[in-house]
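See structure below.
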Amino acid sequence: MKTTAVAVKIDPEMKARMKRLAVSRRRSTHWLMTDAISQYVEREEKQESFRHDGNRAWNEYQETGLHGTSDEA
């Protein structure tokens with residue numbers, strides 16, 4: 001998989017914290033940043049999908065009036 005470089009500016013304190021964490025985890029700071037970004041994007045995509053599904057269900061209800069009752073659930 002091809003990758004590209006991205007520059008991120010962080011304050012010196014955050015950089016030091018990441019360095020300490022990387023050393024304790026026996027990982028590179030690069031690995032920590034890519035892992036954190038991956039987790040964030042996956043979490044946000046799931047949340048976006050949940051919102052999309054909710055909007056789609058609401059629109060369907062608005063059009064049809066059909067819904068599930070608590071007994072059916």
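The values are calculated or read from the model by the stated rules, or taken from the named source; none is laboratory data. Note that the structure is predicted; figures quoted are calculated from it, not measured. Cβ: placed from backbone, ideal geometry, glycine included. Neighbour counts: every protein chain shown. With ligands, DNA and RNA removed, areas are computed over all heavy atoms of the protein, side chains included. Shrake-Rupley method; radii C 1.70, N 1.55, O 1.52, S 1.80 Å.
Simple point charges give the picture: +1 on the Cβ of Lys and Arg, -1 on the Cβ of Asp and Glu, and for the chain a dipole about the Cα centre of about 1100 debye. Accessible area per residue for region 28-68, computed on protein heavy atoms with a 1.4 Å probe, is 90 Å².
Other residues with beta-carbon under 13 Å from the beta-carbon of Ile37 carry, at +1 per Lys or Arg and -1 per Asp or Glu, a net charge of -3. Tyr40 sits with roughly 120 Å² accessible to a 1.4 Å probe, with DNA, RNA and ligands left out of the calculation.
Per Stokes-Einstein, at 4 °C and 1.567 mPa s, what whole-number D in µm² s⁻¹ belongs to the chain, with the Kirkwood radius over Cα pairs as the hydrodynamic radius? Mind showing how you got there, number by number?
Numbers: Rh = 16.3 Å.
The Stokes-Einstein estimate is 79 µm²/s.
Of the solvent-accessible surface of the chain, computed with a 1.4 Å probe over protein heavy atoms with every protein chain present, carbon and sulfur atoms account for 54 percent.
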